[in-house]
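The values are calculated or read from the model by the stated rules, or taken from the named source; none is laboratory data. Only a predicted model underlies this, so the values are computations on that prediction, with no experimental measurement involved. Every residue, glycine among them, receives a Cβ derived from its backbone with ideal geometry; neighbour counts consider all protein chains shown.
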Amino acid sequence: MSSTAQREAGRLSDAKSTARVVAAFVDRARAAQAGVDELVTAAGWAIVHPEHNRRLAELAVRDTGLGNVADKIAKNRRKTIGLLADLAGTKSVGVIAELPELGITEIARPVGVVGALTPSTNPGATPANNIINALKGRNAIILAPSPKGHSTGALLVEYIHTELDRVGAPRDLVAQLPSPVTREMTFELMRQVDLVVATGSQTNVRAAYESGTPAIGVGAGNVVVIVDETADTADAAGKIAASKMFDHATSCSSENSIIVVGDAYEPMLAALQAVGGVRLDADERSRLAEAMFSNGKLVPQFTAQSAPSIAQRAGLARPELQRAGFLLVEETGTGAAHPFSGEKLSPVLTLYRAADFASAAELAQGILRYQGLGHSVGLHTMRADRALQLGLALPVCRIIVNQSHCFATGGSFDNGLPFSLSMGCGTWGRNSISDNLNYRHFLNITRIVRPLDVPRREPSEDELFGAYRRRHGAY
C-alpha cells in the first residue's frame with residue numbers, strides 16, 4: 001500500500017473512531033436529556049396544575065397585596081406553558097451542536113448552583129420560570145424571595161418537591177431560603193452560589209453584580225409606546241388597555257406612557273376612553289401626583305392596585321373613577337419634575353402629544369433617559385419602516401410592533417421571543433444580557449476545536465489594508 005493510501009486509511013480510521021466516541025457521548029446525552037426533560041415537566045406541572053395555580057395566585061395576592069387572582073392564574077399558566085413549549089426538543093445536556101464546517105463540537109455543562117432573587121410582583125411565575133430553566137441545564141437552584149413573596153415561593157417549592165418525589169429526583173435540586181429572608185442572608189447566598197439571577201428591584205440587581213459571583217440582572221421598565229398617525233387607533237387602544245389593566249400593571253412590561261402623533265391624538269383618546277380609560281382633569285391630576293409620589297418616588301401603596309382603589313387613595317370621588325379600568329393623565333415634560341413620565345407599576349397611563357414621528361422618537365428618548373433605559377418601546381403603525389427607525393435610534397433592546405406590550409415582551413405564541421419574566425436591558429440598563437432570560441443563560445458551553453480539513457485562507461496585507469492605504473496615503 002502506498003504512503004498516500006496509508007495516510008487516507010489512517011484518516012478514515014481516525015474519523016470512524018472520532019464518530020464512535022462522539023456517538024457514545026450523544027447517546028448518553030440523549031438519555032440524560034430525557035431525565036432532565038422529565039424534571040422540567042414535573043416542575044411545570046407543579047404550577048400549572050389548576051388547584052395549585054389557584055392557591056398560589058390567591059396566596060400571592062393575599063400576602064403581597066399586589067395584582068389580582070384571576071390574572072395571576074392566567075400569568076402562571078401562560079408563562080409556564082409557553083416556556084415548556086420553548087424548551088421542548090431543545091438540547092441542554094452533553095453534545096448540543098456539531099459544526100463540522102468549523103471543526104467544533106459544543107457540549108452543554110451545568111453552571112452549578114443558581115441563586116435566584118425573585119420579586120413580590122410575580123412571586124409564583126418568576127421563580128417557576130427560573131426553576132424550570134435551571135433544571136433544564138441540570139442545575140440546582142435556591143430562591144431568595146422578597147419577604148412578601150416568601151409564602152408563595154414556599155408553597156411553589158412544596159408542590160415541586162411533591163413532583164420531584166414522583167419522578168425519583170432529589171428534593172434539594174429546588175430550595176428556598178427560610179423565613180425571614182434577611183438582606184444579609186440574601187447577600188451570603190449570592191456570595192456562595194455559582195450564578196446569581198436577579199429580577200426585581202434595582203437595589204437587588206446592583207447587589208448581584210457587586211457580589212463577586214457571576215450574575216445576570218435585568219433592568220427597570222418604563223415602557224413608552226408610540227401611536228403614529230397611520231395606526232388603527234381602536235386596535236391600538238384595545239391592546240394597550242388589555243396590557244395596562246392586566247394584574248393591575250404589576251409587569252415591568254406594562255405601558256407607562258403613550259406618545260400619540262399628530263391628528264391621531266383625539267381619536268386615540270376617545271378609543272382609550274371607550275375601553276375603560278378615564279381622563280383626569282387638571283385638579284385630579286395634581287391631587288393624584290401629590291398622593292402617588294413622594295420626593296419624586298412612587299409611594300408603594302399605589303403599586304399594582306386597581307384604578308378605583310388608586311382614585312380613592314388619592315381622594316378622587318368622581319363617580320366615573322369608581323368604574324375606571326385605568327386612569328389617563330396628560331403630560332408634556334419628562335424627568336424628575338414630571339413624575340408621571342416614570343414607571344408607575346399601576347393602571348395609570350400617561351399621554352403625550354407629538355407633532356410628528358421624529359418628535360415622538362425624540363420624546364421617547366427623553367422618557368427612557370429618565371427611567372427605563374434598555375428595556376423596550378412599543379409602536380402602533382401601518383408603516384413597517386418606522387420600527388427599523390426606532391430600532392436604529394432608541395436605547396432599547398426590544399421594539400414591540402402592534403401588540404399588547406406586557407404579553408408580547410416576555411414571549412408570546414404570536415411572536416418569536418422566548419417566554420420569560422426577566423428582560424435584559426443591555427449596557428443601556430447596566431445589564432450583562434440584552435435578550436430575554438432563557439435556558440441558555442443557565443449553561444456553560446464547552447467547545448471541542450479540531451483542525452479544519454481545509455484551512456481557512458489567510459488574506460494578504462494588500463487585501464486588508466491596500467484600499468485604506470491608497471485612500472489615505474498611509475505608506
Check: Can you find a residue in segment 142-152 that is at pLDDT below 95 and either outside the structural domain of Ala208 (by TED's automatic domain parsing) or in a loop (DSSP other than H, G, I, E, B) (or both)?
Finding: yes
Margin query: Looking only at segment 404-419, count every residue that is over 22 Å from Ile131 (Cα atoms) and surrounded by 22 or more Cβ atoms within 10 Å (Cβ to Cβ) and tell me the total.
Written below: 2
Next item on the list: Specify which of the listed residues (Gly426, Gly466) is farther than 27 Å from Ala108 by Cα and either modelled with pLDDT of 95 or more or of a type in the set (A, V, I, L, M, F, W, C) (or both).
Entry: Gly466
Check: If you take the residues of segment 89-110 that are without any contact (Cβ under 8 Å) to a residue 12 or more places away in the chain and at negative phi, which of them is nearest to the chain's Cα centre (by Cα)?
Finding: Ala97
Checklist line | Where Arg287 falls short, out of the listed (1) in a helix (DSSP H, G or I); (2) over 29 Å from the mean Cα position of the chain (by Cα); (3) crowded, with 22+ Cβ neighbours inside 10 Å | finding: (3)
Notebook entry, point to check: How about segment 261-305: which of its residues are at pLDDT 95 or above and hydroxyl-bearing (Ser, Thr, Tyr)?
Noted result: Tyr265, Ser286, Thr303
Notebook entry, point to check: Which strands (runs of 3 or more DSSP E) does segment 176-273 wholly contain that include 2 or more residues that are within 22 Å of Arg369 (Cα to Cα) and of a type in the set (Val, Ile, Thr)?
Noted result: 223-227, 255-261
Checklist line | In segment 341-359, residue surrounded by the most Cβ atoms within 10 Å (Cβ to Cβ) [restricted to those that are closer than 24 Å to Gly424 by Cα and hydrophobic (A, V, I, L, M, F, W, C)] | finding: Leu349
Check: Name the residues in segment 73-123 that are among the β-branched types (Val, Ile, Thr) and either in a strand (DSSP E or B) or in the same structural domain as Ser412 (by TED's automatic domain parsing) (or both), would you?
Finding: Val95, Ile96, Ile104, Thr105, Ile107, Val113, Val114, Thr118
Notebook entry, point to check: What number of residues in segment 431-475 are part of a loop (DSSP other than H, G, I, E, B) and closer than 30 Å to Lys91 by Cα?
Noted result: 14
Notebook entry, point to check: Of the residues in segment 56-71, how many are closer than 14 Å to Ser151 by Cβ and either touching a Gly at 6+ places or on another chain (Cβ under 8 Å) or of a type in the set (A, V, I, L, M, F, W, C) (or both)?
Noted result: 8
Margin query: Quick check on segment 441-475: of everything there that is without any contact (Cβ under 8 Å) to a residue 60 or more places away in the chain and hydrophobic (A, V, I, L, M, F, W, C), which residue is surrounded by the most Cβ atoms within 10 Å (Cβ to Cβ)?
Written below: Phe465
